[in-house]
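Okay, so here's the structure we're looking at.
The values are calculated or read from the model by the stated rules, or taken from the named source; none is laboratory data. What you see is a predicted model, and the numbers here were worked out from it, not measured in a lab. A quick note on method: Cβ atoms are made from the backbone with ideal geometry, for glycine too, and the neighbour counts reach across all protein chains shown.
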Amino acid sequence: MPAAPRVSPAAVFTPEEWVPFQRRSPFAGLLLVAHCWGVIGLAMAAAVMWPVLIPLAVMIIGTRQLGLAILMHEAAHGALSQSLKLNDAVGHWLCAVPVGTSLTAYRPYHLAHHRFAQQSEDPDKGLSDPFPVSPASLRRKVIRDLTGQTFFKQRILLPLAILRRARVEGANHAYDAAVVSRSIIAFLAVNAALATGLALVGAGWAFWVLWLLPMATWFPFVTRIRNIAEHACVEGSADDAFRAARTTRASWWERAFIAPYWVNFHAEHHLFMHVPCWKLPRLHRLTRSKPEGVRMVVAPGYLPVLKLATRG
């Protein structure tokens, strides 16, 4: 099986340039997890006090639910804590399980994606292969996301299909089946605890409107946008390590509502996957200053990427 092209940091940077990216912070990743839950909590509190803010809160919370998935991804690379036990415990119970995933199932799957990025053995290749699609096709996908149909398929139909050993049409089955089958009980338990906690403070409705609704609508929507932006329609991605993924420049509102925690710097992440996410902006600037950096695929924003992905 051919592995994806690789590049050594030593081939691009001087030893002095690379030193800052080798250092690991003992607390930065944990602070990001605290930040993510803090934003969710503040958005919930604001919407409970001022219900007119509920639509805005749904978008903010849905984006931070994606943020939890992104921080789970950091844990899969061992980047949340210098302690592997703490890294895995936080990554699993505070990041993965609340949004219905499993760090244990995700890690080997994701590392296979890095090893075979855009090769035929890449387990994520099916997410980018269909693009470009027609504008009508993308609209149908977005409607399914924002109306909860994607969530229903992944959280209801797929678990039932696993129990019956059946197939769910359109599922990324290798990943979805592994994650859902290993996380459903923990997901239900953690969400029951969250619902109980909100009920005890007199805001039981907030679980349904300010936690489950974002997870069923905005979270799948921004996850789709993220998947499209990272690998769809990137020419030469299977042959050139500098083109294995796309980096998308994100404005403040895109970081708030689409791409939290520097997930938009995906080309840099594929080049040097052990660099923590909070160092990716600096890595982006340094890499782009090198002759090899001009080969990277960098989009000016998410709207241009969606236009590219619907040029068919």
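Within region 208-234, the set of residues being surrounded by fewer than 21 Cβ atoms within 10 Å (Cβ to Cβ) and in contact with a Lys or Arg (Cβ under 7 Å, 6 or more places away or on another chain) comprises ARG224 only. Checking ALA117, ALA69, ALA45, ALA28 one by one, the residue that is of a type outside the set (Val, Ile, Thr), closer than 30 Å to GLY202 by Cβ and in contact with a helix residue (DSSP H, G or I) (Cβ under 8 Å, 6 or more places away or on another chain) is ALA69 and no other.
With respect to LEU111, determine if the residue is free of Cβ contacts under 8 Å to residues at least 40 places away in the same chain and farther than 30 Å from SER237 by Cα. Taking the combined requirement at face value, the residue does not satisfy it.
Which helices (runs of 4 or more DSSP H) does region 16-118 wholly contain that include 1 or more residues that are farther than 21 Å from ALA193 by Cα and of a type in the set (Phe, Trp, Tyr)? Before you say what the answer is, go through the steps one by one.
Working: elements: 28-49, 54-76, 84-89, 103-115.
In region 16-118, 103-115 are the helices (runs of 4 or more DSSP H) which contain 1 or more residues that are farther than 21 Å from ALA193 by Cα and of a type in the set (Phe, Trp, Tyr).
Residues that are within 30 Å of ALA10 (Cα to Cα) and either touching a Gly at 6+ places or on another chain (Cβ under 7 Å) or polar (S, T, N, Q) (or both) occur in region 24-42; there is at least one. Only residues that are surrounded by fewer than 15 Cβ atoms within 10 Å (Cβ to Cβ) and in a helix (DSSP H, G or I) were counted across region 119-136, and they come to 3. In region 275-303, the qualifying residues are those that are out of contact with any Asp or Glu (no Cβ under 6 Å at 6 or more places or on another chain) and without any contact (Cβ under 8 Å) to a residue 24 or more places away in the chain, and the one that is surrounded by the most Cβ atoms within 10 Å (Cβ to Cβ) is ARG288. Residue-level analysis places VAL275 among those that are under 17 Å from the mean Cα position of the chain (by Cα), of a type in the set (A, V, I, L, M, F, W, C), modelled with pLDDT of 95 or more and outside any helix (DSSP H, G or I).
Counting the residues of region 289-312 that are in contact with a Phe, Trp or Tyr (Cβ under 6 Å, 6 or more places away or on another chain) and among the aliphatic types (A, V, I, L, M) gives 2. Annotation: of all residues in region 278-312 being of a type in the set (Val, Ile, Thr) and assigned to a helix (DSSP H, G or I), the one that is farthest from LEU68 (Cα to Cα) is VAL294. Find all pairs meeting these conditions: Cβ atoms under 6 angstrom apart; at least six residues apart or on different chains; first residue within region 133-160 and under 11 Å from ARG224 (Cβ atoms); second residue crowded, with 16+ Cβ neighbours inside 10 Å and of a type in the set (A, V, I, L, M, F, W, C). Close Cβ pairs satisfying both conditions: ASP145/PHE221; LEU146/PHE221. The residues of region 42-68 that are β-branched (Val, Ile, Thr) and without any contact (Cβ under 8 Å) to a residue 24 or more places away in the chain amount to a single one, VAL52. Checked against the criterion of being modelled with pLDDT of 95 or more and in a helix (DSSP H, G or I), the candidates ALA177, ALA186, ALA192, ALA161 yield just one match: ALA192.
Can you pull out every residue in region 67-96 that is under 14 Å from the mean Cα position of the chain (by Cα) and either farther than 19 Å from VAL263 by Cα or among the acidic types (Asp, Glu) (or both)?
Just the residues of region 67-96 that are under 14 Å from the mean Cα position of the chain (by Cα), to begin with: 67-77, 91, 95-96.
Scanning region 67-96 gives a single hit, GLU74.
What helices (runs of 4 or more DSSP H) completely inside region 197-240 contain at least 1 residues that are free of Cβ contacts under 8 Å to residues at least 24 places away in the same chain?
Working: elements: 204-207, 213-216, 218-231.
Where helices (runs of 4 or more DSSP H) fall fully within region 197-240 and carry at least 1 residues being free of Cβ contacts under 8 Å to residues at least 24 places away in the same chain, they are 204-207.
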